[in-house]
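Since the structure comes first, as structure tokens, the remarks are kept for the end.
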């Protein structure tokens, strides 16, 4: 990952870097790897995330169709 610094504006480059890292999910992954997660807990978390994604997608589709 690369961020260019323009006109010695390091603050702006840091904000851009943080935004890119956030989009890639690096911070979330670091937080998850801070402690051991049992395989059963990992499976339950991933299933819950999948349910949330599916509900969000369904909600967006209903909104596009004008139902909500």
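Structural remarks
- Scope region 35-45; condition in a helix (DSSP H, G or I) and either in contact with a helix residue (DSSP H, G or I) (Cβ under 8 Å, 6 or more places away or on another chain) or loosely packed, with under 10 Cβ neighbours inside 10 Å (or both); matching residues: 39, 40
- Which numbered condition residue 11 fails, given (1) modelled with pLDDT under 95; (2) assigned to a helix (DSSP H, G or I); (3) touching a helix residue (DSSP H, G or I) at 6+ places or on another chain (Cβ under 9 Å): (3)
- Verdict on residue 57 being in a helix (DSSP H, G or I), within 16 Å of the chain's Cα centre (by Cα), surrounded by 11 or more Cβ atoms within 10 Å (Cβ to Cβ) and without any contact (Cβ under 8 Å) to a residue 60 or more places away in the chain: no
- Within region 15-34, the set of residues being in a helix (DSSP H, G or I) and closer than 25 Å to residue 5 by Cα comprises 15, 16, 17, 18, 19, 20, 21, 22, 23, 24, 26, 27.
The values are calculated or read from the model by the stated rules, or taken from the named source; none is laboratory data. The structure presented is a predicted model; accordingly, all values stated were derived computationally and were not measured. Every residue, glycine among them, receives a Cβ derived from its backbone with ideal geometry; neighbour counts consider all protein chains shown.
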